[in-house]
Amino acid sequence: MTVTGPVTAAQATRGRFDPYAERVQASPLRFLYRINPLATLLAPAPAMLGLVFVRDAATPAAFVALAYAVLLVGVRFTPRLVGFLLAIPAFAAVLALSFALWTDPDRVDQSVAVWRIGDWTLYGGALEVGAATGIRIAAIVSLALIAGMSVTGPDLVRAMVQQLRVPYRIGYTALAAFRFVPRFGYELEVIRQAHRVRGSHGGRGPFAAARRWIGYIVPLLAGAIRHAERVALAMDSRAFGAYPDRTERHLVPWRARDTVFTLAFWAVSAALFALL
């Protein structure tokens, strides 16, 4: 999809999810949109790594609360955000029960029997282990959402090229390749509609569905090759890769507020690990 101007948050909410869409325009209160993408990745990274080695439930629960607070203040309140915030606790509950069922009963506290079916018993110690694991994974996912809900793919690539000195030939080529994904989705839908118009339904059942999907492969590959040729010609016409450096139309600088946000998040993370 080609965007010819600034995208409002309302338009972004109504549109199809595209991780490589342009940055949305939001209220100044939503500060995460104004933080450098590298800072939103770097700030929660130590906490995410530290949570891998945590075994209690209180520490990851505190990081879930911290991530939720940052998200509720820092990014626009959208149905997508609400869906993530509601799905994470449900996901953690399912993981907690699953890990509790898989835990070896001989290696947990067996003083409390929660559920008994015949010779099988679910002990309270197994539930504690499962809950700690489920909340730990939920905390890591919640911290990852800080960057996932506020950073766009183009800005992340620009920041990596401008601040981390990633070669622009690699960064922008990878960005162009990733943009093929939503393009393939659009072309697949067009091919499916064309098959329906021509009556190439093929019947019902798993074998008919398999034949339909096989029939999508050839036109989808042909469209992909045509699109790749157009992208290659467009990049060649702009002298992409002809010089060691290139000018940037969109600058993504690292400002003082990015340093403050990163250091503050690190300080809060260290305090939570030390106190809990």
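Please work out if Gly223 is within 18 Å of Phe180 (Cβ to Cβ) and open to solvent by less than 40 Å² (accessible area, probe 1.4 Å). Considered against the rule, which asks whether it is within 18 Å of Phe180 (Cβ to Cβ) and open to solvent by less than 40 Å² (accessible area, probe 1.4 Å), Gly223 comes out as yes.
Of all residues in the range 83-93, those satisfying the criterion of being surrounded by fewer than 15 Cβ atoms within 10 Å (Cβ to Cβ) and either small (Gly, Ala, Ser) or modelled with pLDDT of 95 or more (or both) are Gly83, Ala87, Ala90.
Of the helices (runs of 4 or more DSSP H) contained entirely in the range 82-195, those carrying at least 1 residues that are out of contact with any Cys (no Cβ under 9 Å at 6 or more places or on another chain) and farther than 23 Å from Met235 by Cα fall at 124-148.
Among the residues of the range 239-268, the ones that are within 22 Å of Arg169 (Cβ to Cβ), charged (D, E, K, R) and surrounded by 13 or more Cβ atoms within 10 Å (Cβ to Cβ) come to 1 in all. From the list Gln110, Gln163, the one residue that fits, being polar (S, T, N, Q), surrounded by fewer than 18 Cβ atoms within 10 Å (Cβ to Cβ) and touching a residue at least 60 places away in the same chain (Cβ under 8 Å), is Gln163. Apart from one condition, Thr121 fits all of (1) open to solvent by 20 Å² or more (accessible area, probe 1.4 Å); (2) in contact with a strand residue (DSSP E or B) (Cβ under 7 Å, 6 or more places away or on another chain); (3) not basic (Lys, Arg); the exception is (1).
The listed residues are Ala177, Ala144, Ala139, Ala132, and the only one of them that is modelled with pLDDT of 90 or more and surrounded by fewer than 19 Cβ atoms within 10 Å (Cβ to Cβ) turns out to be Ala144. For His201, the conditions (1) assigned to a loop (DSSP other than H, G, I, E, B); (2) closer than 24 Å to Gly153 by Cα; (3) modelled with pLDDT under 85 are fulfilled apart from (2).
The values are calculated or read from the model by the stated rules, or taken from the named source; none is laboratory data. Just so we're clear, the structure is a prediction, and the values are computed from it rather than from any experiment. Backbone-built Cβ (ideal geometry, glycine too); neighbour counts: all protein chains shown. Remember, those area values only see protein heavy atoms, side chains included, never the ligands or the DNA or RNA. Shrake-Rupley method; radii C 1.70, N 1.55, O 1.52, S 1.80 Å.
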